[in-house]
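Worksheet: one structure, shown below.
The values are calculated or read from the model by the stated rules, or taken from the named source; none is laboratory data. Remember, predicted model here, so these are calculated numbers, not experimental data. Cβ atoms come from the backbone with ideal geometry, glycine included; neighbour counts cover every protein chain shown.
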Amino acid sequence: MKYRGFFVLGFFFFLNPILPQWFTKPATFESIWSKFQITPNIVSEAYTVSSFPILREVESKENEEYDYYFQLCKFQEIRELTEILSYLSFYDALLQIKRCAEITKSDAVNLEKQIKKKLFELTVFPKLEILSSEISNADNLNLVRELQSEWEKTVYLYSNFYKPHEVLLFGKEREYTVSLNRILYSDMPESKRRSSLLRLLQDIKTNQKSTYQLFYFSKQNPWNLADLKSENEKSKSYFLQILSSWKNEPLFTDGQKLQLNDLRICLEKLPTEEKKIRIFGFFGFFSDYGRFSVENPIFETKENLTKLLYIRQTLFQSHHFQKRLENVMISCKNSVESKKEL
């Protein structure tokens, strides 16, 4: 009997190192999110758990509404300008085409000017202008550097995810850029500047988290597909189709064409039947730039076609296109590698 206690203690002594493996707690979302920031990938639990419902899109009804007012608009120039605007901001385009259906000829010139102004505003992505020499407070300077890092993640990484009901191309990214520039260079007490910077930093991180959370847990997609295999097949086909149309795009450099070809090869390696790899994770990137890869609309005026081509050129040669492309490639490669662990 006296050896029985020794045996039990000995048994638990040898068992103890194994216990953590048997009773490992499931990873929290915070740990999943932290891991993603270190090693970006498109691993998702969306089709293994049901944390979020599938939300049906209302885009078809909105498109019908746009088409209805487009037919009522009697001014060809406004129709063409609005069509260009729809690439950048569908809701702005919807608003303007509604106005066109209601105005008289005397108001048409003024509406044309408004649309052209909006096109110019939306084509140019605002620059983040951080001048360290202008920031006198050392604590604020460290905070601004952190903000810049999070801004870059938002613009170049998290923007590649799906953003349902997005009303404006780079809407949130523009908002953060303008806000940060305003806080940095407006005349205000340093204490107020710091509190404003902290609020903006928190807002940016919260938005990043919710964007990734939606991808990781929600089955929501613009095609209303309810199973992962169908969604992966649709995503893969859609992305490869866009890459194919970019193959002979004269706006891309030879270096970019090589990068795009490498991305095509990587996408083809991604399995459509893997339960945790969700190819849809690149939808934001391909949707934002792919919309400009469709066949050019037929315009009566050459000037309007030139406007559309200029917008395409501005976007394809932008810093955000290049950086986002690089991040999609990194995530794709990481996801191909992750197949070994899943």
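Looking across region 293-329, the residues that are over 15 Å from the mean Cα position of the chain (by Cα), touching a residue at least 60 places away in the same chain (Cβ under 8 Å) and farther than 18 Å from Leu122 by Cα come down to Pro297, Phe299, Glu300, Thr301.
Checking Ile115, Ile183 one by one, the residue that is without any contact (Cβ under 8 Å) to a residue 40 or more places away in the chain, more than 29 Å from Phe286 (Cβ to Cβ), crowded, with 17+ Cβ neighbours inside 10 Å and within 28 Å of the chain's Cα centre (by Cα) is Ile183 and no other. Going through region 277-306 one residue at a time, which ones are aromatic (Phe, Trp, Tyr), modelled with pLDDT under 90 and under 25 Å from His320 (Cα atoms)? Matches in region 277-306: Phe292 only. Considering every residue within region 151-170, establish whether at least one is at pLDDT 90 or above, buried (at least 19 other Cβ atoms within 10 Å of the Cβ) and among the small types (Gly, Ala, Ser). Yes, some residue in region 151-170 is at pLDDT 90 or above, buried (at least 19 other Cβ atoms within 10 Å of the Cβ) and among the small types (Gly, Ala, Ser).
Scanning region 313-342 for residues that are within 25 Å of Leu128 (Cα to Cα), of a type in the set (D, E, K, R) and surrounded by fewer than 19 Cβ atoms within 10 Å (Cβ to Cβ) yields a count of 2. Evaluate the following for Arg174: is it out of contact with any strand residue (DSSP E or B) (no Cβ under 7 Å at 6 or more places or on another chain), surrounded by fewer than 16 Cβ atoms within 10 Å (Cβ to Cβ) and basic (Lys, Arg)? When the stated conditions are applied, Arg174 does not pass them.
Only residues that are at pLDDT below 90 and buried (at least 17 other Cβ atoms within 10 Å of the Cβ) were counted across region 18-46, and they come to 1. Candidates in region 94-123 are the residues that are at pLDDT below 95 and touching a Ser or Thr at 6+ places or on another chain (Cβ under 7 Å); of these, the one that is farthest from Arg194 (Cα to Cα) is Thr123. Residues that are of a type in the set (A, V, I, L, M) and touching a strand residue (DSSP E or B) at 6+ places or on another chain (Cβ under 7 Å) within region 245-291 comprise Leu270, Ile277, listed in sequence order.
Of the residues making up region 219-257, just one is surrounded by fewer than 19 Cβ atoms within 10 Å (Cβ to Cβ), in contact with a Ser or Thr (Cβ under 7 Å, 6 or more places away or on another chain) and polar (S, T, N, Q), namely Ser245.
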